[in-house]
Amino acid sequence: MPIKNVPKAIALIPDGNRRWAQGHKLSILSGYQLGVNKFIDFSEWCRDYGVRNITVWAFSTENFKRPRHEVETLFGIYKKAANDPKLLARLHKNRTRFNVVGDKSMLPKDLRESLGRIEKQTSGYKDRVINMLIGYGGKEDILHAAKEYARSVIKVGKVFTLTDESFKQYLRSYAVPEIDFVIRTSNEERVSGFLPWQISYSELYFTNKLWPDFSKQDLRKALSEYSRRSRRFGT
């Protein structure tokens, strides 16, 4: 039975990779690798349900506080995925544009270059979009926008009126649309500074499933819950 009201833009906070690995007596590398593979599947499930825009939080600014070997392990997995011709082929097949959102200067050069190649090679697609938040923090995003606005004022020599739309252009996350539905796994019921500009009226959904255990049926359950909700946007 089809889901009547499918969100146009979904955002995902895929928590629980490390806990899943520990619970299965596997390495953290195994947990993260499975998590990346699960997101590739997730993006295709979303396509099957008609979701056209997906934003995933891959690595926050706070995540840099984790042990160095863990950070390097995760970046290595992302680099390997970015250089996988099969992944690029899937993006081309599904006519999906890939965007990287965040402070790219915080990333290793080789990872920046690998992700940048995918961005360039998929930039012409409009059917579907995947936004990858990496080196991203919500407070930093707003602060960055304020600094950029100040620089613009200094450059032109006068203060000009800001609107919601004009301010958004200064955000690192300017390419991310207003989010309809946020999914967070592993029983963590908070947003942790995730896209504060775009999720002010988002519907939130929390599940106790650890991200590697999240299935297509779990996504259907989440989308069905979204379809039952009434969004009033403050009215």
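The values are calculated or read from the model by the stated rules, or taken from the named source; none is laboratory data. As the structure is a computational prediction, the values presented were derived from the model and not from experiment. Neighbour counts are summed over all protein chains in view; Cβ atoms, including those assigned to glycine, are modelled from backbone coordinates with ideal geometry.
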Practice prompt. Would you point out which residue out of Lys209, Lys216 is farther than 17 Å from Gly138 by Cα, in contact (Cβ under 8 Å) with a residue 24 or more places away in the chain, surrounded by 15 or more Cβ atoms within 10 Å (Cβ to Cβ) and charged (D, E, K, R)?
Written response: Lys209
Item to complete: Kindly indicate which of Ile179, Ile183 is farther than 16 Å from Tyr136 by Cα, among the aliphatic types (A, V, I, L, M), modelled with pLDDT of 95 or more and part of a loop (DSSP other than H, G, I, E, B).
Response: Ile179
Worksheet item: In region 133-149, is there at least one residue being under 26 Å from Lys65 (Cα atoms), of a type outside the set (A, V, I, L, M), loosely packed, with under 14 Cβ neighbours inside 10 Å and in contact (Cβ under 8 Å) with a residue 40 or more places away in the chain?
Response: yes
Worksheet item: When region 77-107 is examined, which residues are found to be among the polar types (S, T, N, Q) and in a helix (DSSP H, G or I)?
Response: Ser105
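Picking from Leu34, Leu26, which residue would you name as being part of a loop (DSSP other than H, G, I, E, B), over 14 Å from Thr185 (Cα atoms), of a type outside the set (Lys, Arg) and out of contact with any Leu (no Cβ under 8 Å at 6 or more places or on another chain)?
Leu26
Can you pull out the residues in region 165-199 that are among the hydroxyl-bearing types (Ser, Thr, Tyr) and either in contact (Cβ under 8 Å) with a residue 12 or more places away in the chain or under 16 Å from Leu12 (Cβ atoms) (or both)?
Answer for region 165-199, where residues must be among the hydroxyl-bearing types (Ser, Thr, Tyr) and either in contact (Cβ under 8 Å) with a residue 12 or more places away in the chain or under 16 Å from Leu12 (Cβ atoms) (or both): Tyr170, Ser173, Thr185, Ser186, Ser192.
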